[in-house]
Each structure stands twice: as structure tokens, then as C-alpha cells.
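*Asks:* Sharing a structure, written as C-alpha cells. Questions coming.
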Amino acid sequence: MNWSELQPNGGNSNTVICWFPGWSFQPQVFAPLYQALPGNHLGACFHGQGTLFDNARQLADELVQQLQQRLPQVQHLLFIGWSLGGALAVHCLQQLPPHWQKNTGLITLATGRRFLQTMDNTAAAADPIPGMAADTFAAFSSDLQQAPEKTRQRFAALCARHSQQPRPLMRQLSQQQIRDPAILNHSLGWLNYPELSSTARVQQHCYASRDDFNPAALSPAFYAAAASHSFFLTAAGQRQILQQIQRMLDQLQVPPEQQRGETL
């Protein structure tokens, strides 16, 4: 299965929220958010085979099948993706039939246009190129192969860095990490995804005030007061993101011809 049911008993809700976790994480990492929201919630799962695009296509195909067979009352989708999950959400959305592309909103959390830095030698030294340097990524990939458990924990620590309480946040993140080295090693290569472009009719791209991965912002961008790559799991960040989600859910209920703008 490419999707896991995170919160059943959505009743007759006409919206499904689909959650796309960041690299190394299970979709249950979003529990503090989806447990605060009513409705149907599905989580995308990582696998140890195929490309990012293959998995996006499989997710789209299976989602449409579920909508037709099990959730016929659903009229709208909301995709929420964190970091690599944001890239997966973008490509999954692009694989949906045209009707569902028009009726799907998109929120990304700490997702860069690219994860790795672009080779822009004209950038000023005081304005570092967004993203992770290629040599840093290569070293991390090597460490993952040699010491997967230690490297996995290190990644959780990087995701929690700069938050007001990094240790509890790191423990929370670690509990929701994938342990299978084969899946981790395979999906790590997906982080070298090509540059993303904004795709959804209704969309918002959210970023922390400070993030060690330094993502290049998509548009329209919203900057939270909270810091860390996992800012949406901090107390302040969670409040802000839940407000953003509710605003988008409200906007999705408005027919396209009555909407004044394409973004929040």
C-alpha cells in the first residue's frame, strides 16, 4: 500500500487531507496536526524501490481509486508535504486527473525549490546559495551506508536544531523515523529532485524563521515565527500551521469561479 489511513471515521466529510512526510519519516510524524483536524486523513508511505516520480504516479493512481471506491462523497483534496514530502506532493498532484488537479489545495512545509544547491557562482558571499551543498550531501550519503542508525539520529537532530526545545523535539521525531536501511538508502537519492514549480490553484509554501537546510522558497511563501526544519511541530509553529490549514480548507469550499485569487 502506498497510503496508510491515519485517522478514520471521517464521516461524510467532502475533503480528504493527504500527508506527505519528509525523508526518513513515517506519515504519523504529522499526528499533532491531523489529530487536531476533523475529516479523512491519508498518509503517503516511502518504499525502497522506484523513483520519486514512480512513487508519485502510484500514489496518484491509488488515491483516485480510493476516492472512487471508498470515498465517493469527497469533492476536495488538500495535500500537505514536509521537505522531500512537499516535492512528492507536487509530483503526485501533477499526476492526478484534471478534475482533481483543479480541486486540490497544496501546502508545503520547509520544501525548497531544490534540496541541493544550484551552481550559482555569482551569489554574494553574504547571501549563501539556498540548499545543501553537494559535497555535504555526498558525505551524508556515505555515512548513511556505513552507520545507518547513527546517521538517522543525526538527521533527526538537524531537523530539531534551532527550536526552543530541541531535545524533546528530536525524541519526538526519532519515534516516527523509518528504521529500514534499504528504504532510507534508496529514498535518500530522491532528495536530488529537479527544481519544483508551483502547481496548485490554491497553495501556500511555509518556512521557518531559521532552518539548517536553508530551503529556497517557493511562491507564495509564508514565514513562521518558529525555527527549525520541523517548525510545524513546535507549539508556536503548530498553531500557525493549523490556522493556515483551516484557511485553505475554507477556501477550497468556495467554487473556483467565485474565488478572487489563486493563492492564500
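The values are calculated or read from the model by the stated rules, or taken from the named source; none is laboratory data. Remember, it's a predicted structure, so these values are computed and weren't measured experimentally. Neighbour counts are summed over all protein chains in view; Cβ atoms, including those assigned to glycine, are modelled from backbone coordinates with ideal geometry. Heavy atoms of the whole protein, side chains included, go into the accessibility calculation; ligands, DNA and RNA do not. Shrake-Rupley method; radii C 1.70, N 1.55, O 1.52, S 1.80 Å.
*Asks:* Give me P(r) over the range 68-169, computed from all C-alpha to C-alpha distances, binned every 10 Å, as integer percentages.
*Replies:* All Cα pairs, binned at 10 Å, distribute as 12, 28, 31, 20, 8, 1 percent.
*Asks:* Please determine, in degrees from 0 to 90 and to the nearest 10, the orientation of helix 84-95 with respect to the longest principal axis defined by the Cα atoms of the chain, where the helix direction is its Cα long axis.
*Replies:* In the chain, helix 84-95 runs at an angle near 40 degrees to the longest axis.
*Asks:* So if R0 is 30 Å, what FRET efficiency would ASP143 and GLU195 give, r being the distance between their Cβ atoms, rounded to the nearest 0.05?
*Replies:* Result of the calculation: an efficiency of 0.70.
*Asks:* First obtain the Kirkwood hydrodynamic radius of the range 147-264 from its Cα pairs, then insert it into the Stokes-Einstein equation at 10 °C and 1.306 mPa s, and state the resulting D in µm² per second as a whole number.
*Replies:* Estimated via Stokes-Einstein, D reaches 98 µm²/s.
*Asks:* Across every pair of different alpha-carbon atoms, what Kirkwood hydrodynamic radius in Å does the chain reach?
*Replies:* 18.6
*Asks:* Using only Cα atoms and rounding to the nearest 10 degrees, what angle (0 to 90) does helix 148-160 make with the longest principal axis of the chain?
*Replies:* 70
*Asks:* Could you work out the relative contact order of the range 17-148, using alpha carbon pairs under 8 angstrom and six or more residues apart, expressed as a whole percent?
*Replies:* With pairs under 8 Å counted, the relative contact order is 23 percent.
*Asks:* Follow-up question, since we're still on this one. Suppose we look only past 15 Å in the calculated P(r) of the range 30-85. What percent of the Cα-Cα pairs does that tail hold?
*Replies:* 57
*Asks:* Here's something else I'd like to know. Could you please state how large a percent of the accessible area of the chain is carbon and sulfur, counting protein chains only and using a 1.4 Å probe?
*Replies:* 48
*Asks:* Would you mind putting 143-150, 15-22 in packing order, based on average other-beta-carbon counts within 10 Å, highest first?
*Replies:* 15-22, 143-150
*Asks:* Cα axis of helix 134-146 to longest principal axis of the chain: angle in degrees, 0 to 90, nearest 10?
*Replies:* The angle comes out near 90 degrees.
*Asks:* Moving on. Would you work out if the range 12-110 is rounded, prolate or oblate? Take a ≥ b ≥ c from the square roots of the eigenvalues of the alpha-carbon gyration tensor; rounded if a/c is under 1.5, else prolate when a/b is larger than b/c, oblate otherwise.
*Replies:* oblate
*Asks:* Over the chain, give the accessible area per residue in Å² for a 1.4 Å probe, as an integer.
*Replies:* Counting only protein heavy atoms, the per-residue value for the chain is 46 Å².
*Asks:* May I pose another question? In square angstrom, rounded to the nearest 10, how much accessible surface does HIS41 have for a 1.4 Å probe?
*Replies:* Rounded to the nearest 10, the figure is 0 Å².
*Asks:* So what is the relative contact order of the chain, in percent, for Cα pairs below 8 Å that sit 6 or more residues apart?
*Replies:* Normalised by residue count, the contact order of the chain is 21 percent.
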